[in-house]
1. Give me the number: length gained by fully extending Thr400 to Val354, i.e. 0.36 nm times residue separation minus the C-alpha to C-alpha distance, one decimal in nm.
2. Can you work out the accessible area per residue across the stretch 61-138, with the rest of the protein chains kept in place, probe 1.4 Å, in square angstrom?
3. To the nearest 0.05, how large is the calculated FRET efficiency for Val166 and Phe435 if R₀ is 30 Å and r is the Cβ-Cβ distance?
4. How many nm separate the modelled label positions at Ser115 and Gln446, each set 7 Å beyond the Cα in the direction of the Cβ?
5. Full-extension gain between Val191 and Trp297, please, as 0.36 nm times their residue separation minus the C-alpha to C-alpha distance.
6. For the stretch 34-357, which whole percent of the accessible surface, found with a 1.4 angstrom probe, sits on carbon and sulfur atoms?
7. What does the extension gain come out to for Leu69 and Asn28, with contour length at 0.36 nm per residue minus their alpha carbon separation?
8. Taking a ≥ b ≥ c as the square roots of the eigenvalues of the Cα gyration tensor of the stretch 76-123, is the shape rounded (a/c under 1.5), prolate (a/b larger than b/c) or oblate?
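The values are calculated or read from the model by the stated rules, or taken from the named source; none is laboratory data. For clarity, every value in this text was computed on a predicted model and none was experimentally measured. Every residue, glycine as well, gets a Cβ built from its backbone with ideal geometry; the counts of neighbours run over all protein chains shown. Quick note on the areas: whole protein, heavy atoms, side chains included, nothing else; ligands and nucleic acids left out. Shrake-Rupley method; radii C 1.70, N 1.55, O 1.52, S 1.80 Å.
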Amino acid sequence: MSASKSATAAPQSESAIETRGLEPVPDNERTGKIRELFPTWVAANISVLLLTMGAGLVVFNGLNFWQVLIVAAVAPIVSYGIVGLISIAGKRGGSPGMALSRAVFGQRGNLFPGSLIWVARWGWETINAVTGAYAILTVLDLVFGIESNTALIVVTLLLFVALTFVVSGLGINALRVCSKWSTYLFGAFSVLVLVYLIANTDWSAVFDKPAGSAAMVVAGIGMIGAGGISWVPSAPDFTRYLPRTASAPKMVSTTIGGAGIVVLPMVLMGAVMAVGTPDLANAQDPVSFIGTLLPTWIAVPYLLIALVGMLLINSMSMYSAGFTAQTLGIKVPRHWAVSVNAVISLVFGFLLMVVATSFIGSFISFLTLLAVAFSAWIGVFGVDMLTRTSYDAKALLDTTRTSAYWYKGGFAWQAMVAWGVALLTGLAFTKVDWFAGPLSSTWLGQNGLGWAVTIVVAAALYAVLPRTKPATAAEPVTEGASKAAEEERVPALSV
């Protein structure tokens, strides 16, 4: 067996640092609660980038307030509904998402989507690191009058990445505690900001804005939803400590609720802010506008709390990236695997802050490609998950030819074909600043639905292709697990 040392680690303790790696969580350690998913997905969306994206719906898409409201309500339901559905695999298998993916693609086949998802995370972590560094720079300017310079950019970026590394390295317990308190604080100050906007906004200008086209509403849903899609492969990472009897419908609804309670007001606030500050969507610095629009006594604490939120987003992403790195054969403990992504986000973050000319343009382009890259995996994994109730714990960790998930030459060719064809098809419908697919001028392409095409093609192909069964039967699940599987099968398919 060539699984990493972390795969044979001692049972997870209740200490601050999580030592468990890819190995499935045993039933006696599954003490998580579904309600803990709520602050987790709140924390995953505490980012001022949602304000910028909300402004983009007004400036770029030409939407009015009521259309933005539709986008802000529908996008998290669609995207985080998928997050919630895929998270069901975590409580079934007790392992991180990219480890469970071995059962679908094969031990060698999983290296292909795993590598793509790992690389894609570099960009996501870079974007968040840069936003966090800009938040620190804005606070320094507001409080101390210190203006940004190259040396200060390096210091603030290094500080943010270092803090991210510490929190993500500690593991799931630290993330839960931080998520809980950041949810309370961010919620309180968001209400304060909302009250200030209500009292100081020219509402006649907001409501007099003409409506945009229905096509731009669809495109807006795709843009906002892409952020949620990027979390789908990580979803099982945060549910593997749930007991097998956890309710699948409640997992989905709690995930949607946690994300939606942040996405909806943040996107709407960004749209309202854009009426008075139309340059917001074009800003190179996506954070400093808060200091211009809000009084210092609100802006500074709000930015500091948002900074904690962005720190948590990056910590969650790096937490999952550590597992992904392990599935690729990087034989180090998860908390050390995280350091690879920390260094990469530091280097790329410096380039984006000092060299790049358009932050928001780079962000939207990256988010679009990220959604397509992840969607090919989602379609294949999702169909497999809906027809599966258990995973072979031993086979997941066995990366040799003796693994039940070795299939033919280490590849589940049906999954690989569906994934590859869907990925190429989705890219054909995609257009960003530096790339345009041959079908990007079609209705689907113009409305940013390349990621949706990718999911549909991947799921349809994988569903119709004849599948290879594992070499050996999966380990029998416990009586409680079997009962839970039967109880959840219909709800999971009908959510």
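1. 12.0 nm
2. Averaged over the residues of the stretch 61-138, the accessible area is 20 Å².
3. In this case the efficiency is close to 0.25.
4. 3.7
5. Computed gain between Val191 and Trp297 is 36.7 nm.
6. Carbon and sulfur: 73 percent of the exposed surface of the stretch 34-357.
7. The span from Leu69 to Asn28 would gain 10.4 nm if fully extended.
8. In terms of gyration-tensor shape, oblate.
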